[in-house]
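A quick write-up on the structure given underneath.
The values are calculated or read from the model by the stated rules, or taken from the named source; none is laboratory data. Computed from a prediction, not measured in an experiment: that's the story for all the values here. As a convention, Cβ positions derive from the backbone with ideal geometry for all residues, glycine included, and neighbour counts pool all protein chains shown.
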Amino acid sequence: MSQAPGIPDTPGPTHGATILGVEGLTLGRDERAFLQDADPWGFILFARNVDTPEQLRRLTADLRETVGRDAVVMTDQEGGRVQRLRAPHWTDWPAPLDSARDGADAVRLRHRLMGRELRAVGIDADAAPCLDIAGDHTHEFLKNRCFGADAATVTTMGRAAAEGLLAAGVLPIVKHMPGHGRALVDSHHQLPVLNSTLDELDASDFQPFRALADLPLGMTAHIRLTQLDDRPATASPAAIRLIRDRIGFDGLLMSDDIGMNALSGTPAERTAAAIAAGCDVVLACNLTRAELEQVAAAAGRMTSHAQTRADRALARRTPPDQVDVAGLHAELATLLG
């Protein structure tokens with residue numbers, strides 16, 4: 001893997017090269033002991049972890065107390081089908097494709113409000129914006145999660161979403177690099193294969209990621225680019241080099257969920273392949289405890305380069321801006337007519 005420019009090789013304390021899911025609404029003694037030993041860089045929460053705001057604040061605080069630091073806690077809060085925090089305690093947001101029809105100002109405001117809801121319960125990273133471009137044949141699992149059908153629209157809306165989240169003190173995670181929009185199958189179940197040339201992808205799919213390459217966190221796609229090799233991008237050194245060099249992304253790069261069936265092999269083998277390819281950390285969402293133990297062992301500790309990228313990302317995590325939330329809702333209502 002090519003080294004990120006400007007990052008010195010200065011060894012220091014590093015954390016486990018993982019972001020791990022947890023089992024339920026609270027941490028049990030055994031799970032706490034496992035997490036203390038694994039020391040993941042961060043955590044990811046799902047609907048199984050969410051009940052009330054009070055419960056969620058306790059859980060996020062317990063996760064940080066378990067590892068003894070202000071670790072990142074992320075979730076998937078895109079809007080539409082993919083949002084883990086829902087009514088009655090939180091807002092049900094429109095899907096990105098629907099939100100984009102209201103314009104960039106509305107997208108920015110929605111994500112600012114969305115981010116404030118997340119940050120209020122201790123969640124400080126969101127697996128959004130999705131910078132994939134929707135096409136006529138994009139698989140339905142992804143299509144309405146995209147902001148548009150062309151690079152310019154996706155870039156504009158993706159930037160607005162990221163700005164809204166950052167203003168709320170939440171780190172955006174751009175996904176799915178280097179571009180999942182041409183996939184005809186659901187990578188949760190099988191490996192999408194893209195036969196497009198790199199020049200074709202450069203003229204469209206890569207553009208939003210290149211335009212937002214300054215953002216702190218990114219997620220790989222479990223897709224195979226036949227012009228590179230026969231591996232999923234998550235496990236492909238050539239694809240990771242493309243993300244770093246051709247697209248120019250120098251933030252912390254996490255894998256998509258290592259448990260998805262687009263990947264082959266055991267959890268340990270998938271993890272080792274992703275780390276060897278150049279992913280900084282591996283995301284493990286819905287595995288058993290035994291499988292998570294395999295992932296943590298296979299991932300090992302973050303490299304000094306990965307830790308530097310992680311520290312640089314955390315420096316972008318600021319307190320939410322001081323704002324009248326009711327006024328923001330009123331402004332959004334005005335924009336929506």
### Message
Name the residue that is surrounded by the most Cβ atoms within 10 Å (Cβ to Cβ), counting only residues in the stretch 289-324 that are in contact with a Ser or Thr (Cβ under 9 Å, 6 or more places away or on another chain), not in a loop (DSSP other than H, G, I, E, B) and not hydrophobic (A, V, I, L, M, F, W, C).
### Response
Q307
### Query
Does the stretch 159-178 include one or more residues that are surrounded by fewer than 22 Cβ atoms within 10 Å (Cβ to Cβ) and without any contact (Cβ under 8 Å) to a residue 24 or more places away in the chain?
no
### Task
List the number of the failed condition for R48; all other conditions in (1) in contact with an Asp or Glu (Cβ under 8 Å, 6 or more places away or on another chain); (2) crowded, with 19+ Cβ neighbours inside 10 Å hold.
(2)
### Task
Write out, first by first residue and then by second, each pair whose Cβ atoms fall under 8 Å of each other, whose residues are 6+ apart or on separate chains, and whose first residue, in the stretch 283-306, is on the phi > 0 side of the Ramachandran plot while the second is among the acidic types (D, E) and surrounded by fewer than 20 Cβ atoms within 10 Å (Cβ to Cβ).
none
## Note on the structure
Residues in the stretch 65-82 that are buried (at least 16 other Cβ atoms within 10 Å of the Cβ) and within 13 Å of L27 (Cα to Cα) total 2
### Query
Applying the selection to the stretch 291-337, what residues are small (G, A, S) and closer than 19 Å to A273 by Cα?
A296, A297, A298, A299, G300, S304, A306
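Condition (residue is of a type in the set (K, R) and modelled with pLDDT of 95 or more) applied to the stretch 46-54: is it met by at least one residue?
Of the stretch 46-54, the ones of a type in the set (K, R) are 48.
Cutting the leftovers down to modelled with pLDDT of 95 or more gives us 48.
Within the stretch 46-54, one or more residues are of a type in the set (K, R) and modelled with pLDDT of 95 or more.
Answer yes if at least one residue in the stretch 73-86 is aliphatic (A, V, I, L, M), in contact with a Gly (Cβ under 7 Å, 6 or more places away or on another chain) and over 23 Å from T156 (Cβ atoms), and no otherwise.
Just the residues of the stretch 73-86 that are aliphatic (A, V, I, L, M), to begin with: 73-74, 82, 85.
Then keep just the ones that are in contact with a Gly (Cβ under 7 Å, 6 or more places away or on another chain); that gives 73-74.
If we keep only those that are over 23 Å from T156 (Cβ atoms) too, we end up with 73-74.
For the stretch 73-86, residues aliphatic (A, V, I, L, M), in contact with a Gly (Cβ under 7 Å, 6 or more places away or on another chain) and over 23 Å from T156 (Cβ atoms): present.
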### Task
Starting from residues that are touching a Phe, Trp or Tyr at 6+ places or on another chain (Cβ under 6 Å) and not in a helix (DSSP H, G or I), keep the ones in the stretch 241-288 and report whichever is farthest from D199 (Cα to Cα).
V281
#### Entry: Contacts under 9 angstrom Cβ, first residue in the stretch 71-82 being hydroxyl-bearing (S, T, Y), partner part of a loop (DSSP other than H, G, I, E, B), 6 or more apart
T75/F46; T75/V50; T75/R84; T75/L85; T75/I123; T75/A127
### Query
Between a first residue in the stretch 117-135 that is in a loop (DSSP other than H, G, I, E, B) and a second residue that is β-branched (V, I, T) and modelled with pLDDT under 95, which pairs have beta carbons less than 8 Å apart while being 6 or more apart in sequence or on different chains?
D132/T138
